[in-house]
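Comments concern the structure below.
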Amino acid sequence: MANFADIIGHEDIIQHFKMSIERNMVSHAYIINGEKGSGKKTLTKVIAKTLECESGDPDACDNCHSCKQADSGNHPDIKWITHDKPNLISIDEVREQINDDIIKKPYTDGEYTSRYKIYIVNDAHLLNPQAQNALLKTIEEPPEYAIIFLLTNNLDKLLPTIVSRCVVLNMKPVREMDVINYLTTVLNVPEEQAYFSERFAFGNLGKAVRLATSENYKEIRDTTVRLLRQIYNMETEDILAVAKRLSDYRLDMQDLMDIMQMWYRDILMFKITNSPNQLVFKDEYTAMKKQSAHISYEGIDNVIKALDKMKLRLEANVNFDVAMELLLMTIKENYNG
Ligand SMILES: [Zn+2]
């Protein structure tokens, strides 16, 4: 179903593959690098389908047997690597699913043989060093029909020896208007909400979609904003009560922290520019203006650091209520009167 024309943004990567197909210069190993939600999987699905298309054209035909199989997710030579443990791809999994399999010739049904054997490792940063070393051998001497895609949001976790043998393609932010158009016309998101989500997602389409369409997220956002509007006027006991209530959102703490950080980034931005133009929370302009008079640059810096620290604490599974109380008190203390 999807084709290059259906992909929003990422024109440079698409162009790269179109040229490679036209010039018959497809490489054996690619790294697609980009943050979570940036569309790596969607894009790679279309790239794989296009590479395999029986037409050999730089755009998949959608009609051949291979395209149909790719669309249904049943292409015998487009293989997504699976793993048992959520946070690890093991050497055994690499051996079984890639190294031992790649030496077998591409699928053939008598009339037609696949152009390539394509292996896709999503979250490739989960490959431990042993698994990466096992993969390295294959990447160094791949069969001519083999193509390996490593998708990752953390290039630093891949061994330099792996990275240097791959073509590294970085996902870039999608243009503001493209994100907004998609949200408003395809997903029917109200305009104001679409604008907010776009600003918050910084060109990450997947994130923008999630922010624009999740009721849960809207609730978290509204609750957090209500708190931040008032926190500098609140009494200690009220702050402690709020900290308790926020434990309802325990599972969405990352979102909550992101919202808080964005709020203080906005206050900082307002202090510098004295204008609402650059704000993510544009409709909170009045609150921003008021608060910016009550917090110094240093105070904002302290709050942003406290939020970073809170993120680390959450990862370390500390007592949630205590950590939240501490955070909110720190925020309050950094306002002056
Ligand atoms: Zn086709």
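The values are calculated or read from the model by the stated rules, or taken from the named source; none is laboratory data. Only a predicted model underlies this, so the values are computations on that prediction, with no experimental measurement involved. Cβ placement follows ideal geometry from the backbone for every residue including glycine, while neighbour counts extend to all protein chains displayed.
Residues that are crowded, with 20+ Cβ neighbours inside 10 Å: list the helices (runs of 4 or more DSSP H) wholly contained in the stretch 127-237 that include at least 3 such residues.
Numbers: elements: 129-140, 160-163, 176-181, 191-201, 205-213, 215-230.
Ranges flagged: 129-140, 191-201, 205-213, 215-230.
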*Answer yes or no as to whether K45 is under 29 Å from K207 (Cβ atoms), more than 16 Å from the ligand (Cβ to nearest atom) and of a type in the set (K, R).*
no
_For the stretch 310-325, check the following and say yes or no: at least one residue is modelled with pLDDT of 90 or more and closer than 23 Å to A201 by Cα._
yes
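Confirm whether E22 is away from the ligand (no atom under 12 Å from the Cβ) and more than 27 Å from P160 (Cα to Cα). Talk me through it step by step, then tell me what you get.
Numbers: away from the ligand (no atom under 12 Å from the Cβ): yes; more than 27 Å from P160 (Cα to Cα): yes.
Answer is yes for this residue.
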*Give the residues of the stretch 15-35 that are within 26 Å of L135 (Cβ to Cβ) and not in a loop (DSSP other than H, G, I, E, B), sorted by residue number.*
H16, F17, S20, I21, A29, Y30, I31, I32, N33
*Go through the stretch 297-337 and give me each residue that's touching a residue at least 12 places away in the same chain (Cβ under 8 Å) and not in a helix (DSSP H, G or I).*
N334, Y335, N336, G337
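Residue-wise test of (1) in a loop (DSSP other than H, G, I, E, B); (2) of a type in the set (A, V, I, L, M, F, W, C); (3) in contact with a helix residue (DSSP H, G or I) (Cβ under 7 Å, 6 or more places away or on another chain); (4) within 15 Å of the ligand (Cβ to nearest atom).
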| site | (1), (2), (3), (4) |
| --- | --- |
| G56 | yes, no, no, yes |
| C67 | no, yes, yes, yes |
| H75 | yes, no, yes, yes |
| Q97 | no, no, no, no |
| D100 | no, no, no, no |
| E111 | yes, no, no, yes |
